[in-house]
Amino acid sequence: MAPPVPVYSAEETRLQYKDQLENPQKYQCHLKSLTQHECTFKAGTDTTSPQFICLPFKRLFQRCLIPTLEQKNGKKIRAEKWINIEVTQESTNQDLLDEDSKYAKYVQDFLSAEKDLRDLMEKEAELST
C-alpha cells in the first residue's frame with residue numbers, strides 16, 4: 001500500500017510550483033506521462049458472467065530538478081532533487097468521452113456497471129435491516 005500523501009487542487013499545485021511551471025528550462029523540466037486504470041465490477045445475470053470493466057486514464061507530470069537544503073551531520077547542505085508536478089487537466093483524457101472514441105462503449109458499460117453495483121448494494125443493505 002502506498003504511503004499517505006497530501007492531495008492538492010490544481011490551483012494549489014500551480015501556486016506551489018509557479019516558478020517551475022513558468023520556467024521549465026531553468027529547472028530542467030520535462031514532461032512525463034503515466035497511464036492508470038479505473039476499474040469497476042459488473043455483476044452477472046442469468047445470461048451473463050460477472051466481469052471487471054477497466055478504463056485507462058492518463059496522468060501528466062512535469063519532472064523538474066529543484067534546489068533543496070538537506071541536513072547532513074548537523075550541517076545544512078545545498079543539493080538538488082527531482083520532483084514530479086502533476087499537470088493533468090480535464091482535457092487530458094477527453095478522448096474517453098468522445099462519442100467516436102474507441103473507448104465510448106467501455107465508458108457507457110463502466111457507468112452502467114457503477115449504477116448497477118450501487119443499486120445492488122442498496123438492495124442488499126435494505127434486505128439486511
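The values are calculated or read from the model by the stated rules, or taken from the named source; none is laboratory data. Note that the coordinates shown come from a computational prediction; the quantities given were computed from them, not determined experimentally. Cβ coordinates were reconstructed from backbone atoms using ideal geometry, including for glycine residues, and neighbour counts include every protein chain displayed.
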In segment 97-127, residues that are exposed (fewer than 14 other Cβ atoms within 10 Å of the Cβ) and either touching a strand residue (DSSP E or B) at 6+ places or on another chain (Cβ under 7 Å) or among the charged types (D, E, K, R) (or both) total 12
For segment 32-65 the number of residues that are outside any strand (DSSP E or B) and without any contact (Cβ under 8 Å) to a residue 40 or more places away in the chain is 7
Residue pairs within 6 Å by beta carbon, gap of at least six or interchain, first lying in segment 5-22 and loosely packed, with under 12 Cβ neighbours inside 10 Å, second of a type in the set (Phe, Trp, Tyr), listed first then second, are none
Here the residues within segment 94-129 that are aromatic (Phe, Trp, Tyr) and either free of Cβ contacts under 8 Å to residues at least 40 places away in the same chain or not in a helix (DSSP H, G or I) (or both) are Tyr103
Filtering segment 78-96 down to residues that are within 20 Å of Gln36 (Cα to Cα) and either of a type outside the set (A, V, I, L, M) or more than 16 Å from the chain's Cα centre (by Cα) (or both) yields Ile83, Asn84, Glu86, Thr88, Gln89, Glu90, Ser91, Thr92, Asn93, Gln94, Asp95
| query | Given the structure, is Arg118 basic (Lys, Arg) and over 30 Å from Lys18 (Cβ atoms)? | reply | yes
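Results for (1) among the small types (Gly, Ala, Ser); (2) under 30 Å from Ala113 (Cα atoms), shown as yes or no for each residue.
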| residue | (1), (2) |
| --- | --- |
| Tyr17 | no, no |
| Ser33 | yes, yes |
| Ala43 | yes, yes |
| Leu60 | no, yes |
| Arg63 | no, no |
| Pro67 | no, no |
| Asn73 | no, no |
| Glu80 | no, no |
| Gln89 | no, yes |
The residue that is nearest to Leu120 (Cα to Cα), considering only those in segment 23-43 that are of a type in the set (Ser, Thr, Tyr) and out of contact with any Asp or Glu (no Cβ under 9 Å at 6 or more places or on another chain), is Thr35
Of (1) modelled with pLDDT of 90 or more; (2) more than 14 Å from the chain's Cα centre (by Cα); (3) of a type outside the set (Ser, Thr, Tyr), Pro50 satisfies every one except (1)
When Thr88 is run through (1) without any contact (Cβ under 8 Å) to a residue 12 or more places away in the chain; (2) polar (S, T, N, Q); (3) in a loop (DSSP other than H, G, I, E, B), the failure sits at (1)
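Can you name every residue in segment 1-31 that is touching a strand residue (DSSP E or B) at 6+ places or on another chain (Cβ under 8 Å), within 18 Å of Thr88 (Cβ to Cβ) and assigned to a loop (DSSP other than H, G, I, E, B)?
So in segment 1-31, the residues touching a strand residue (DSSP E or B) at 6+ places or on another chain (Cβ under 8 Å) come out as 13, 17, 20-21, 24, 27-31.
Going one step further and asking which of them are within 18 Å of Thr88 (Cβ to Cβ), we end up with 13, 17, 20-21, 24, 29-31.
Across segment 1-31, the qualifying residues are Tyr17, Pro24, Cys29.
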